[in-house]
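Engineer: Input: one structure, supplied below.
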Amino acid sequence: MFAAASAPVIIVLAQQAGAVSPPAEQIFKDIKVFKGVPASDLIPAMQFMSASMNYTCKDCHDPKDYAATTKNKETTRKMIVMQREINEKHFDNRLEVTCMSCHNKEEHPVGMPLPEGIRMRHTPIRPAPKATDLFTSHATASGQFTGMLVRTGTLTAPNDVTLEMETTPVELIQAPGGKYRLVAGERKIGSDGTQAWYGGLPLTDEPMAMFGRLGRTWVGETDFAGLSRPAVTGKDTVGKSEAVVVQGFRTATASAEELYFDAASKLLSRLVNIRRSTVGTVVSAIDYLDYRKVGSAQVPMKVNMMFAEGPTWSFDFKTAKIEPTVDEKIFKSAG
């Protein structure tokens, strides 16, 4: 994509400062889309593209022959033509859209808003472990419980009316089968495993799926059952800890999920949900932090829900216990 000039060429260009620069094709070899552009402008253009892509010269050029054709050079030429056409057609030839507009220091444009700290590309692992082995390791490390998991603490989230952040007492109860009930101030949200609700109103489609993810602040072995075609996509970090990432598709919510398993503890440390809309992709994430032993299970006592379009919902649980029996009534709508 970007050319490096030899020392003699740079000297020539420096000597031409203050004079009319010849066109690039008279100084450089293999010039195509930059024909007619002043030669003195070519190196700054290369520098701009390099910075926009986070590339170096050798990513697009053959170091032994910078004029040689490479796949990335051909791709870049197409991109330059596309940029010019966009600016000519939509911005009266003003330089409004550039490489940086889309790439923003990434090799491939990130076509979706992301919660802070979330990445869609991960460092490859070779050979990669089996996703099912990671599920089994998490289930072994997290343990299981029968009955209900009851946690209390605080929830810091935007007020539904004022949208200003507020901290309120919270109680979150979970039971097997996707059952949960959350009460935080005026918020009353839950599900009996089939129907989700907010206050007295039933939820459907994406609102039900979104609040269902809120209810999954503890993930047991059966929570991986609805994930199809799981595969390890690489490794990444959550905070300072390395994690192995599994991606799969959850048919029930028509969304992809990325599951981050802590390399040391084997516990799930992050869940990223990815769902397409007609105009773009929506990404949200849940971080599972500060696991502690509760009965026979390891339970996260800090849970952060992150959204690209808004502030983080932060759960800070102070107490946790296992109730041996399940009260089915509490998972029904509060009316």
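Engineer: Scan the range 266-284 and give yes if some residue there is surrounded by 15 or more Cβ atoms within 10 Å (Cβ to Cβ), free of Cβ contacts under 8 Å to residues at least 24 places away in the same chain and among the polar types (S, T, N, Q), otherwise no.
Structural biologist: No.
Engineer: Continuing with this model, one more query. Can you list the helices (runs of 4 or more DSSP H) found entirely within the range 41-149 that contain at least 1 residues being outside the structural domain of residue 248 (by TED's automatic domain parsing), touching a helix residue (DSSP H, G or I) at 6+ places or on another chain (Cβ under 7 Å) and under 22 Å from residue 247 (Cβ atoms)?
Structural biologist: none
Engineer: Next up: Of the residues in the range 146-175, how many are surrounded by fewer than 17 Cβ atoms within 10 Å (Cβ to Cβ) and over 18 Å from residue 301 (Cβ atoms)?
Structural biologist: Qualifying residue count, the range 146-175: 11.
Engineer: A further question follows. Would you say residue 252 is in contact (Cβ under 8 Å) with a residue 40 or more places away in the chain and in a helix (DSSP H, G or I)?
Structural biologist: Here the answer is yes, as residue 252 does meet what is asked.
Engineer: Another question, then. Return a yes/no flag: does the range 289-302 have any residue that is among the aromatic types (Phe, Trp, Tyr), within 26 Å of residue 228 (Cα to Cα) and surrounded by 15 or more Cβ atoms within 10 Å (Cβ to Cβ). Please lay out each step first, then the result.
Structural biologist: Step one: list which residues in the range 289-302 are among the aromatic types (Phe, Trp, Tyr), which gives 291.
Next cut, within 26 Å of residue 228 (Cα to Cα) only: none.
So far as the range 289-302 goes, no, none of its residues is among the aromatic types (Phe, Trp, Tyr), within 26 Å of residue 228 (Cα to Cα) and surrounded by 15 or more Cβ atoms within 10 Å (Cβ to Cβ).
Engineer: Also, quick follow-up: Pull out all pairs, ordered by first then second residue, where Cβ-Cβ is under 7 Å, the residues are six or more apart or on different chains, the first lies in the range 207-224 and is free of Cβ contacts under 8 Å to residues at least 12 places away in the same chain, and the second is outside any helix (DSSP H, G or I).
Structural biologist: 223/216
Engineer: Against the condition of a type in the set (D, E, K, R), surrounded by fewer than 17 Cβ atoms within 10 Å (Cβ to Cβ) and modelled with pLDDT of 90 or more, how does residue 133 come out, does it pass?
Structural biologist: Yes.
Engineer: Being of a type in the set (Gly, Ala, Ser) and either surrounded by fewer than 18 Cβ atoms within 10 Å (Cβ to Cβ) or not assigned by TED's automatic domain parsing to the domain that holds residue 259 (or both) is the filter here, so list the residues in the range 235-244 that pass it.
Structural biologist: Within the range 235-244, 239, 241 meet the criteria.
Engineer: Between residues in the range 117-146 that are closer than 22 Å to residue 274 by Cα and residues that are surrounded by fewer than 12 Cβ atoms within 10 Å (Cβ to Cβ), which pairs lie under 7 Å by C-beta distance while being six or more apart or on different chains?
Structural biologist: 131/231
Engineer: Filter the range 299-335 for residues that are part of a strand (DSSP E or B) and of a type in the set (A, V, I, L, M); which is nearest to the chain's Cα centre (by Cα)?
Structural biologist: Within the range 299-335, the match that is nearest to the chain's Cα centre (by Cα) is 306.
Engineer: Further question: For residue 318, indicate whether it is exposed (fewer than 15 other Cβ atoms within 10 Å of the Cβ), among the basic types (Lys, Arg) and more than 25 Å from residue 226 (Cβ to Cβ).
Structural biologist: yes
Engineer: Looking only at the range 38-74, which residues are exposed (fewer than 14 other Cβ atoms within 10 Å of the Cβ), more than 17 Å from residue 105 (Cβ to Cβ) and β-branched (Val, Ile, Thr)?
Structural biologist: 69
The values are calculated or read from the model by the stated rules, or taken from the named source; none is laboratory data. The shown structure was predicted, so the numbers you read here are calculated from the model rather than taken from an experiment. All Cβ positions, even for glycine, are placed from backbone atoms using ideal geometry, and neighbour counts span all protein chains on display.
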